[in-house]
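What follows is a set of notes on a single structure, which appears directly below.
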Amino acid sequence: MALKTDFAVSDNYNYLEGLGNYHQSEAFPGANSHVNNSPQKPPYGLKTERISGTSFTAPREQNLQTWMYRATPSLFHSEYVPYDDAHTPNPPTFLSPNSYMWPTFPTESGVDWVSSQKLLARNGDPAGKEGLAIWTFSITNAMRDNTAFSSIDGDCLIIPQSGGLDIQTEFGKLLVRQNEICVIPRGIRYRVALPNGPAHGFICELFQSHFQLPGLGIVGSTGLANQRDFQIPVAFFDGQLREDVAVANDTEWTLISRQAARLWTCTQDHTPFDVAAWHGTNYPFKYDLAKFCVLGNVLFDEHDPCLYTVLTAPAHREPGNAVVDFAIIPPRWMASEDTLWLPYYHRNTMNEFYAPIVNNQDGDYPFNQDRGKGFKPFGAGLNGGMVVHGATAEDLEKASTSDTSTPAKVMMDGITIFLLETEKPLYISDWAAEMAQQNFKAKEARPKSDSRL
């Protein structure tokens, strides 16, 4: 049994390991300042800069702060101006008690990380640091040379459905392939290239709180997503040392930033990737979903889907509530006897957005072919709060008559389903409402004993 994904694309980058740890990295020996975070003269002629993801007085275990030592401070740039209002979506306003399913999403050729993003759904308000947004992306091109992007609105959980992303951040480089996820914290600048052709997927942009591992409680100290399996980039300096001075490969760069869903742009005469060293707790990270240690019932009954949670963003409003939980339903063993091996029909106070991830890496696998033609095997679905969801009649019949006395491995079709469970209702954009199939399972889900059929 493989305990990690056998990726089709090799990752030649180096990483630190351990989510939540205090990490430090340097591109040149001695580039990190020791003991004194803000020395009068940092090594190699560098300048001290800090990025704060939380307030200074946040509890120590939640405090997200990182010190950076770079060739040129980020301060020096032109005035921000609106980038392109064509890429500024209207706030989503459509809400109804129907379920939604998108067989696919629009795709275009000649689009990159910035131009391909479409706002699918949102709750809360980024200007008030409340709620989140869900964006789709479908990329055919790398970002333009000397262009970088950042979200001022929130931390971004990036979920490739198929294809991979080569991401250069201020902290170093990440290769994020299908069946991996990554998180880029609020405000960190990065650019995206394509290592193996078109890529499709989703972004969960978190306006409040931060993604973290869920508490394990009575489960103990290990299980689900383990801390040591998360990877953090090492420092990469876009330049070289000359006579003990860090000299960056400076040229004109364009920065594009999203604030309150609107894109803004400025220019600067230096690379944003001139960080020679950093140390702290606020950093990008990635994770291979095949390393998720699935827990489940081994005798009878169906456990709650929260047992599939990879990352959570606590709401800090009521005990146990989350702004969003990111969960996966991956390949796993089922062993519960006399139990329905499908989720029961459910009305949930949480809102459930779901979509597939192609975990099969074989180029001949049908859903890995013709990636330029869009999302496969389907786009996504959404069950709002108290919207009933569950199996179709055909799947229910099959599960009701299957042999549960022998354990079986399920979800072996090359697909993992991910869930974004949100506390507040998700309003969907007009284009998404027009494309959605509503209540697509309602009739099919009735048991065959129903006399109305």
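Values computed for the structure shown
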| read-out | value |
| --- | --- |
| Yes/no for PHE300 being touching an Asp or Glu at 6+ places or on another chain (Cβ under 6 Å) and open to solvent by 60 Å² or more (accessible area, probe 1.4 Å) | yes |
| Total residues in the stretch 92-125, condition surrounded by fewer than 20 Cβ atoms within 10 Å (Cβ to Cβ), hydroxyl-bearing (Ser, Thr, Tyr) and farther than 17 Å from GLY372 by Cα | 2 |
| Enumerated strands (runs of 3 or more DSSP E) restricted to the stretch 202-276, each holding at least 2 residues that are assigned by the TED database to the domain that holds GLY187 and surrounded by 16 or more Cβ atoms within 10 Å (Cβ to Cβ) | 231-233, 245-248, 253-259, 262-268 |
| Total residues in the stretch 13-33, condition open to solvent by 50 Å² or more (accessible area, probe 1.4 Å) and either part of a loop (DSSP other than H, G, I, E, B) or of a type in the set (Ser, Thr, Tyr) (or both) | 6 |
| Residue in the stretch 60-88 that is surrounded by the most Cβ atoms within 10 Å (Cβ to Cβ), counting only those that are closer than 18 Å to ARG258 by Cα and among the acidic types (Asp, Glu) | ASP84 |
| Residue among ASN36, ASN123, ASN98 that is more than 21 Å from the chain's Cα centre (by Cα), in contact (Cβ under 8 Å) with a residue 40 or more places away in the chain and either over 28 Å from ALA248 (Cβ atoms) or part of a loop (DSSP other than H, G, I, E, B) (or both) | ASN98 |
| Every pair of residues 6+ apart whose Cβ atoms lie under 6 Å, when the first sits in the stretch 205-221 and is under 30 Å from PHE137 (Cα atoms) while the second is outside any helix (DSSP H, G or I) and among the basic types (Lys, Arg) | PHE207/LYS129; GLN208/LYS129 |
| Long-range neighbours under 8 Å by Cβ, at least six apart or interchain, first residue more than 17 Å from LEU157 (Cα to Cα) and modelled with pLDDT of 95 or more within the stretch 311-331, second open to solvent by 20 Å² or more (accessible area, probe 1.4 Å) and among the charged types (D, E, K, R) | PRO331/LYS409 |
| Filter pass, SER138 being without any contact (Cβ under 8 Å) to a residue 60 or more places away in the chain and open to solvent by less than 40 Å² (accessible area, probe 1.4 Å) | no |
| Strands (runs of 3 or more DSSP E) wholly inside the stretch 148-200 that include at least 2 residues being open to solvent by 20 Å² or more (accessible area, probe 1.4 Å) and over 19 Å from PRO356 (Cα atoms) | 165-169, 190-193 |
| Strands (runs of 3 or more DSSP E) wholly inside the stretch 319-389 containing at least 2 residues that are under 26 Å from GLU205 (Cα atoms) and not basic (Lys, Arg) | 322-329, 351-358, 380-383 |
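Here is a yes/no grid of residues against (1) closer than 28 Å to MET386 by Cα; (2) at pLDDT below 95; (3) among the aliphatic types (A, V, I, L, M); (4) assigned by the TED database to the domain that holds HIS270:
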| site | (1), (2), (3), (4) |
| --- | --- |
| TYR100 | yes, no, no, no |
| PRO126 | yes, no, no, yes |
| THR140 | no, no, no, yes |
| MET143 | no, no, yes, yes |
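Yes/no matrix, rows are residues, columns are (1) among the small types (Gly, Ala, Ser); (2) surrounded by 15 or more Cβ atoms within 10 Å (Cβ to Cβ); (3) at pLDDT 90 or above; (4) in the same structural domain as ASN321 (by the TED database):
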{"residue": "TYR345", "(1), (2), (3), (4)": "no, no, yes, yes"}
{"residue": "ASN351", "(1), (2), (3), (4)": "no, yes, yes, yes"}
{"residue": "THR392", "(1), (2), (3), (4)": "no, yes, no, yes"}
{"residue": "LEU396", "(1), (2), (3), (4)": "no, yes, yes, yes"}
{"residue": "GLU421", "(1), (2), (3), (4)": "no, yes, yes, yes"}
{"residue": "ILE428", "(1), (2), (3), (4)": "no, yes, yes, yes"}
{"residue": "ALA433", "(1), (2), (3), (4)": "yes, yes, yes, yes"}
{"residue": "SER451", "(1), (2), (3), (4)": "yes, no, no, no"}
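The values are calculated or read from the model by the stated rules, or taken from the named source; none is laboratory data. Remember, predicted model here, so these are calculated numbers, not experimental data. Virtual Cβ from ideal backbone geometry, glycine too; neighbours counted across all protein chains shown. We work out accessible area using only protein heavy atoms, side chains counted, and drop any ligands, DNA or RNA first. Shrake-Rupley method; radii C 1.70, N 1.55, O 1.52, S 1.80 Å.
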